[in-house]
Every structure is written in structure tokens, then in C-alpha cells.
Amino acid sequence: MARLIGLAAALIAGFVIFYWGSVTPKPAPADAPAAGFSAGRAFADVQAMGLVSHPLGSPANAKVRDILVARMQALGLSPQIQRGPAIEARDATIAGGTVETVIGVLPGRDRAAPALVIMAHHDSVPGSPGAADDTTGVASALEIVRALKTHGQPARDVMVVITDGEEVGLLGAHIFFDSPLAAHVGYVINLETRGGGGRAIMFETASHNGGDIALYRRTAVTPESNALTVFVYQNLPNDTDFTVAKQHGKVGLNYAFIGRQFDYHSPSSTPAALDIGSLQHMGQQVLPTAVALAFGPLPGRAPDVVYGNLLFGLTVAYTPWVGWLVLLGCAALIGAGVVQARRRSAFSWIDTARGAGAGLYLIALSGAALELARRATGAGTGPFTGYRPLLARFPTFEVMMLAAALAALFAAATLIGRNRSRWIAALAPLVCGAAACLFGGFDALALGFGVAGAILGLAAFGQPARAAGAWAGLLLLFLLIALPLHALAPTATYVIVWPLVAACISFAASLGGADISLRTRAIQALIAALALAWVGYLFHSLMVGLDLAALEVLPTVLAAFVLWPVLMPETPDRAPLWPAGVLMAISLTIAAVLHLTSPWTPRHPNNAEPIFVIDPASHQAWRTSLTPLDDWTRGLLTAEGGAIKPHSFAFWPDPLNAASATYTPVEPPAVTAAVGPDGKVTLTATPQAGSARIILRLRSATGLDGVYVGGARAIEQRRGRAPKPFALAAGQWGAVLWTAPDGMTMTLHTADPAHLEINATEIYDRWMSVRPLPPTPPKEQMWSQAGSTYVVGQVKVGP
């Protein structure tokens with residue numbers, strides 16, 4: 001009974017501590033003391049700039065620019081607008097347009113000293129008001145500078161750089177850091193968001209961040225950062241304006257909050273939907289650091305450090321070599337516990353081997369169970385399409401995944417201490433892996449987990465293992481895993497090592513698991529509660545950050561470090577499996593509910609993206625949709641009597657559902673292609689009046705290279721690899737996405753201009769059909785390009 005009470009207490013206390021540490025702070029009112037950050041004051045800017053979609057080049061974005069200029073003037077920042085064309089090439093696509101970055105300066109006492117830059121971006125994606133991404137960053141920057149002024153004149157210039165065109169391709173950042181102004185930059189604080197709520201995280205630094213982290217730990221209020229996010233972000237294909245700063249050798253800190261992912265790049269990202277507590281947390285975390293940078297020395301470069309949050313606002317940091325000492329300490333604690341358990345005849349090396357096998361088995365079983373639960377929801381992948389039904393009910397989805405993880409943990413710990421468990425252990429992961437393939441087709445990962453689990457179940461289970469040896473085996477297994485990981489990625493391995501430290505302390509304190517007294521159970525429960533709160537934060541962060549069910553295997557295994565001794569049965573004949581079965585049944589029941597019921601509500605509506613397509617050359621028009629059809633979009637497409645059929649359009653890689661419609665006369669895209677005496681092809685695109693964007697898709701039978709846009713060489717950025725000149729292989733399609741209202745000239749070389757294919761599409765942010773769009777139902781939202789008109793045409797290459 002004491003074991004079960006300790007388990008319940010640890011789980012409940014761990015959740016309470018995790019939840020308490022995850023909530024956002026109460027927003028400070030608009031009349032809060034002037035020296036502090038006030039979300040109430042900053043939210044007024046969010047309301048002014050984040051009401052409607054304002055993508056690059058749009059009239060709405062020009063209004064946001066004007067608001068920014070006025071706000072900076074009121075703050076005494078003498079704003080200027082840095083205007084010019086910019087491009088970014090990536091993944092066979094060139095994106096570009098004319099940006100208008102707003103730059104203000106709070107003069108420092110030493111105008112020659114390297115400046116502090118506080119950076120955000122003022123453009124949104126099409127279709128989203130961007131109240132979070134990145135109007136919150138802009139509002140935070142303005143409020144931070146206002147608060148800075150109350151401290152007097154800073155020691156160095158503070159530059160407020162609000163870039164344009166970030167969503168298109170970091171365009172404003174490219175222009176700023178390519179300009180002479182960049183020579184004055186000494187340190188960058190970038191403010192971003194990727195959602196509509198949650199606590200702000202400092203998630204990226206430049207390399208050699210020892211000084212940066214020392215500054216951050218010393219100054220940040222309620223800090224939220226760890227070396228794992230820095231390590232992971234360096235290896236993900238995600239970029240912010242801070243990416244460009246780093247490419248130019250600048251250093252600094254990058255902040256964002258990522259909760260409420262449903263609102264990311266969504267029409268639902270409105271001021272009303274924003275968690276104002278997230279705005280407060282970002283500001284109150286950044287302001288003290290900005291004050292230290294503005295009024296004191298900039299941090300020097302120092303070797304990267306291992307760092308992260310523990311609990312209760314405590315952030316720990318140390319150099320990687322100290323990590324070896326931590327691992328050595330873990331080994332010593334395990335050794336001490338083993339010695340004590342052997343003295344009490346409670347330990348055997350066979351049990352240790354079985355415990356190590358059970359640890360590997362837990363990886364396989366939890367992987368198969370989590371994959372099954374995720375796939376049983378029936379939801380697809382991708383944050384803007386298939387995953388959205390789960391984002392609409394994210395707390396329920398998270399409970400479902402937690403139940404599957406706990407089911408695997410309970411099952412593995414029970415089976416290792418149970419008589420006659422071999423075949424049950426083998427079948428459980430195999431059934432989960434095979435069942436996952438029933439939803440959405442063959443799942444190699446789930447089946448791989450299942451087969452591996454079956455093999456491990458047959459090898460490691462059968463005769464019951466005692467708790468002391470099995471627990472030691474689990475800890476020794478992951479200590480051995482941590483050693484090479486620390487050698488390869490020393491700043492990220494703490495995610496395994498820190499829970500391992502907690503478990504090793506518990507192991508030694510309980511005499512290797514041999515002491516089951518009430519006092520020892522209480523110590524184990526306390527350590528487990530603290531460790532589970534930390535692991536719960538990791539579980540939640542992985543759920544919010546990435547839709548990869550297998551990632552949740554890691555926190556499941558980490559929880560096992562501290563829960564193993566209380567989950568294992570005290571006697572082999574009293575080892576019920578029903579708790580694991582009930583937990584898995586709960587998980588699959590929730591999955592069935594998510595699968596069979598509609599997630600859409602007025603707060604979390606379905607995406608609809610109907611567009612109108614016109615082909616002036618053939619005098620044809622269609623109504624089509626860039627998102628899957630539902631009843632409302634089907635009715636919208638067939639409103640002019642046309643039947644829905646698959647149709648291929650040059651601007652989209654796959655056939656779309658489309659219905660013919662009444663043709664509306666319109667000018668074709670004004671795009672020309674001429675071959676010069678030197679064999680180079682010059683493309684000229686001149687947007688029509690009212691046009692928003694132009695898309696050019698091109699390919700050559702012989703490939704193309706030597707691409708220049710507006711006289712600038714197109715250089716393709718490749719994460720983790722050196723940039724290279726933009727080029728397309730023979731037969732490869734590429735694209736140019738150009739934002740109006742300014743035009744574009746592009747030159748390229750191809751060995752056979754006569755076989756250069758060019759398709760042009762001009763996008764207007766209005767519906768040109770003879771019949772207007774019907775009112776949008778409450779449970780639908782007009783996503784991204786919805787309501788736009790696409791005018792298509794082919795471009796002939798001439799002399």
C-alpha cells in the first residue's frame with residue numbers, strides 16, 4: 001500500500017509542480033511602474049497593428065509601417081525606413097520583393113560603441129493578422145525600449161530594427177545586415193513567436209555562448225531556456241531573422257513562445273486570441289537582459305556550456321568537462337547502492353542484465369504504443385493541414401499520449417518482476433506496432449518498434465527480476481548510453497543525465513532499492529515528484545514543438561528512472577497488468593473520440609482556402625480549393641453549375657479539385673522572356689495594378705544557372721552546408737515568388753533557351769468571380785490565399 005500511495009503522490013505532486021511552472025504570469029496593467037515591462041501597455045500596440053493580415057507589399061503592411069514610424073517618433077528614436085529589393089534562394093525557390101524595414105535609434109553616451117539591436121518583424125503571412133507572429137515581438141520591442149529610457153541614457157546606442165519580409169524569406173534582415181548599418185551592431189536580441197501563447201523561451205544563441213548564458217542567468221526573470229533547444233534548433237530547417245545575423249558573424253539571443261500552435265500563421269491569430277500573459281513573460285524576461293546590455297559591457301565569447309532550467313526558476317550551467325564528473329558521480333552512486341543491496345542479499349547480476357533488457361524493451365514498447373495512439377486519431381501530419389484537428393483539441397490529445405506512455409511504463413515495470421511474462425511481453429509491442437498499420441497504411445517505424453520489442457520481450461523476460469538488480473540495470477544501461485552521447489553532443493546530453501542523477505540519488509538513498517521502509521518510500525516519492533515535474537516539462541515541450549510521437553519515448557524512459565522501484569511488483573505472483581491495460585484503453589478511447597468527432601468550433605475553425613483561377617489565353621475560369629474539401633467548400637466550388645473534377649494548374653504541384661466557372665476578362669501576367677546576343681535569358685515581370693504576388697515556375701531540358709535577380713546573384717542558402725549559386729538541374733522545376741507592387745528583372749543562362757518552360761501566375765487579393773463569395777460559416781476560416789484570384793499564363797521565350 002505504501003508503494004501505491006507513494007506512486008500516486010509522486011504523480012500528482014509532479015503534475016502540480018509542472019503546471020505551476022508552466023503558466024504564464026499575470027499581465028502588468030497599463031498603469032504599472034514605468035521602469036518595468038507592462039503587457040497592458042504593449043497590448044495596445046498589438047491591437048493597433050495585429051487586427052488584419054498585413055503581408056509584405058500590402059496596403060495593410062504600409063499602415064503598420066506608418067504606425068511604427070509614429071510610435072518610434074513618440075519614443076524619440078528618430079526612425080528611418082530602409083527600403084529596397086531583396087531575395088532569398090532556398091530549395092529550388094527564389095523569394096523576393098521590396099521591403100520597408102523601420103529602424104530607430106536610442107542614442108547612447110558612446111555613439112562609437114557597438115550597438116545593442118532589438119529586432120522583430122512587422123509583416124505577417126497572407127491571411128493571418130499575425131497578432132502573435134510577430135506583432136507581439138514588435139510590441140515587446142517598443143515597450144522594452146520605453147522602459148529602457150527610464151533608466152537614463154544608455155552606454156551604447158540601442159537600435160530598434162523592425163524588419164519587413166521575414167515571412168517571405170528573411171528579406172529585411174538580409175538588407176539590414178548587408179548594409180553599412182550592420183557594422184555598428186554589437187549584440188542582437190531577436191523577438192519571435194510561433195503560436196499564440198505559452199511561456200517565452202530563449203531558444204537560440206550564437207556559438208561559443210558561455211558569456212551569453214552567464215549574462216542570461218544573471219539577468220533574466222523567470223528564465224526559460226536550455227541547451228537542448230539551442231542544439232536542436234541548429235539542426236532544424238527553421239530560420240528567423242537571427243539566422244541572418246549569425247551568418248554575418250553577429251551574436252545574441254533569440255526568444256519566442258510556441259504554445260497554442262493552432263493559431264500559428266492562422267486567421268485565428270487575433271489580439272483577442274493572444275495569451276497576454278505570454279506577452280508579459282517575454283517582456284519581463286528580456287527587459288533586464290536588455291538593460292544590462294545597454295548600460296554595461298557586452299558578454300565575451302566563451303566555450304559553449306551545458307545549461308538548463310531545473311525547477312522553481314533555477315537555471316544551472318557548467319562547462320562540458322564538468323559533465324564527465326557528473327557521470328562519474330552517477331556511477332559512484334549506483335556502485336554504492338549495489339554494494340548495500342548485495343550486503344542485504346537483494347541483488348544479483350542476472351537481475352541487472354534483465355533490468356537493462358527491460359529498459360531497451362521499454363523504448364520499443366512505448367514507441368509502438370505512442371505510434372498506435374497517434375495514428376489511431378486518424379489525423380494527418382503537417383501544422384497547416386492534417387495536424388490541425390489535434391491542435392484544435394490539444395489538451396485532450398496530450399492526455400491521450402500521456403496515457404499511452406504511462407501504459408507502456410507500467411507494463412514494462414510490471415512484466416520484469418512477474419512470473420510467466422515472456423509471451424505477454426513479446427506480444428504487447430508486436431500487437432501495438434501491427435495495429436498502428438491499420439490507420440493510414442504501413443508504418444515502418446511502429447512495426448520496427450513492435451518487432452524489436454517482441455525480440456527483447458522473449459530475451460529479457462520470463463523469470464521475475466528483483467527490484468534492486470532490475471533498477472540498477474536500467475540505470476547502468478542509460479549511464480552507458482550517456483557516455484558516448486556526452487562525447488558527441490555534450491551540451492544536449494544533460495536531458496538524460498539530470499534525471500539520471502535524481503534516480504541515482506534515490507537508488508543510493510534506498511540502499512539500491514533494498515530498503516522499502518516508509519521513510520525510504522517517502523524520499524523516493526519526493527525525488528520522483530521533482531524529477532517528474534522536470535520530465536513533464538520535456539514531454540509537454542516535445543508535444544508542442546514537433547508532431548513526432550516517437551519523441552515522447554524519451555520522457556517516458558526518463559520517468560522510468562525514478563518510478564521503476566515503485567512500479568515493480570513486490571512479489572512475482574502479485575503483479576497485476578490491469579493498470580497498464582486500463583491506461584492503454586483510455587488512450588485508445590480518447591483516440592477514437594478524436595477520430596470520430598468533429599474538432600471544429602468558432603474558436604478553432606476548419607481551414608478553407610477557395611481561390612478563383614482565370615486563364616485569359618483560353619477564356620476559361622475555375623473555382624478550386626487549396627485545402628481538402630468539406631460540404632461548404634464543395635457548395636462554393638459548384639455555385640456556378642460546374643462539376644468538381646481534378647484539374648492540373650501550373651502553380652500547384654498536384655491536381656486540385658476544381659469546377660468550371662464563368663470567365664471574367666482580365667489582363668494576363670505581364671511577364672516577358674528575351675534571349676540576348678550572349679545567350680542569356682532576361683525575364684521581366686511587371687505586376688498589374690492591384691496585383692499582390694507573381695509566381696514564375698520554370699525548368700529547362702538542359703538545366704539553368706547564372707541566375708541574377710535585380711542585378712544580384714541568387715545564392716542558395718543551405719542549412720549546415722556552404723551556400724552555393726542558385727541552379728536547376730536538367731528537367732528540374734524551380735520557382736520565383738515575387739511580391740508586388742514593384743517589378744522584377746531576372747537573368748539566367750541555359751544551353752537551350754528554346755526549351756525553357758516558363759509558367760506565370762499573378763495573384764490578386766480579391767475574388768474576381770461574377771458571383772461573390774458567400775458568408776463564411778462560424779466553424780470555417782478563410783486560410784492564407786482564400787478569396788484570392790490566380791491569373792495564369794505561359795511565357796514565350798523570344799529573341
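The values are calculated or read from the model by the stated rules, or taken from the named source; none is laboratory data. Nothing here was measured: the structure is a model prediction, and the numbers come from that model. When we count neighbours, we look across all protein chains shown, and the Cβ atoms used for this are built from the backbone with ideal geometry, even at glycine. Side chains are part of the model used for accessible areas, which takes the heavy atoms of the whole protein and leaves out ligands, DNA and RNA. Shrake-Rupley method; radii C 1.70, N 1.55, O 1.52, S 1.80 Å.
Data for the structure
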read-out	value
From phi via Karplus (6.51, -1.76, 1.60), per-residue ³J(HN,Hα) for the range 668-678 in Hz, x at Gly/Pro	x, x, 8, 10, 10, 9, 10, 9, x, x, 8
For the range 1-135, Kirkwood radius (reciprocal of mean inverse C-alpha pair distance, Å)	18.9 Å
Dimensions (Å) - the range 180-283, Cα atoms, principal axes, largest first	39, 31, 27
Cα-Cα pairs of the range 590-703 separated by more than 21 Å (percent)	56 percent
Dimensions in Å of the range 211-363 - Rg and Dmax from alpha carbons	22.0, 66
The chain: translational diffusion in µm²/s, Stokes-Einstein, Kirkwood Rh over Cα pairs, 20 °C, 1.002 mPa s	74 µm²/s
Stokes-Einstein D for the range 306-412, Kirkwood Rh over Cα pairs, 20 °C, 1.002 mPa s (µm²/s)	119 µm²/s
Values of log10 I(q)/I(0), in the order q = 0.29, 0.31 Å⁻¹, for the range 117-163 under a Debye, Cα-only, solvent-free model	-1.03, -1.11
Per-selection metrics, the range 503-594 (Cα): Rg and Dmax in Å	15.7, 45
14 Å beta-carbon shell around M768, net charge (K/R +1, D/E -1)	-2
Residue-span extension gain [W324 to R420] - 0.36 nm each, minus C-alpha spacing	30.5 nm
Spatial separation of Cα centroids for the range 694-729 and the range 62-103, in angstrom	25 Å
Largest to smallest accessible area among T193, T24 [probe 1.4 Å]	T24, T193
Helix-only CD estimate at 222 nm, as mean residue ellipticity for the chain, using -39500 (n - 2.57) per DSSP H run (n ≥ 4)	-14000 deg cm²/dmol
Beta bridges by DSSP in the chain, antiparallel share as percent, to the nearest 5	75 percent
Probe 1.4 Å - accessible area at R260, Å² to nearest ten	120 Å²
Two-site FRET efficiency, A332 against F442, from Cβ-Cβ distance with R₀ of 35 Å, rounded to 0.05	0.15
Over the range 720-786: Rg over Rh, Cα atoms, Kirkwood Rh	1.12
Stretch gain in nm, segment D66-I715, where the contour uses 0.36 nm per residue and the Cα spacing is subtracted	230.4 nm
Scattering curve values for the range 328-376, log₁₀ I(q)/I(0), Debye with Cα scatterers, q = 0.23, 0.27, 0.29 Å⁻¹	-0.85, -0.97, -1.01
Surface/4 of the Cα convex hull for the range 268-326, nm²	7.0 nm²
Segment R634-E667, extension gain: residue separation times 0.36 nm, minus the distance between their alpha carbons	9.1 nm
Accessible surface, 1.4 Å probe, highest first, among residues W534, W471, W321, W733	W321, W733, W534, W471
Links that overshoot a 32 Å alpha carbon limit, given the list K63/K149; K149/K724; K645/K680; K246/K680; K63/K779	K149/K724; K645/K680; K246/K680
Rounded to the nearest 10 Å², the accessible area of H184 at probe 1.4 Å	50 Å²
Taking all pairs of distinct alpha-carbon atoms in the range 552-630, Kirkwood radius in angstrom	18.5 Å
Space enclosed by the convex hull of the alpha-carbon atoms of the range 91-203, per residue, Å³	126 Å³
Convex hull volume of the range 132-191 per residue (C-alpha atoms, cubic angstrom)	78 Å³
Carbon plus sulfur fraction of accessible area for the chain, probe 1.4 Å, in percent	64 percent
Surface per residue (accessible, 1.4 Å probe) for the chain, Å²	38 Å²
Spatial separation of Cα centroids for the range 139-162 and the range 455-515, in angstrom	49 Å
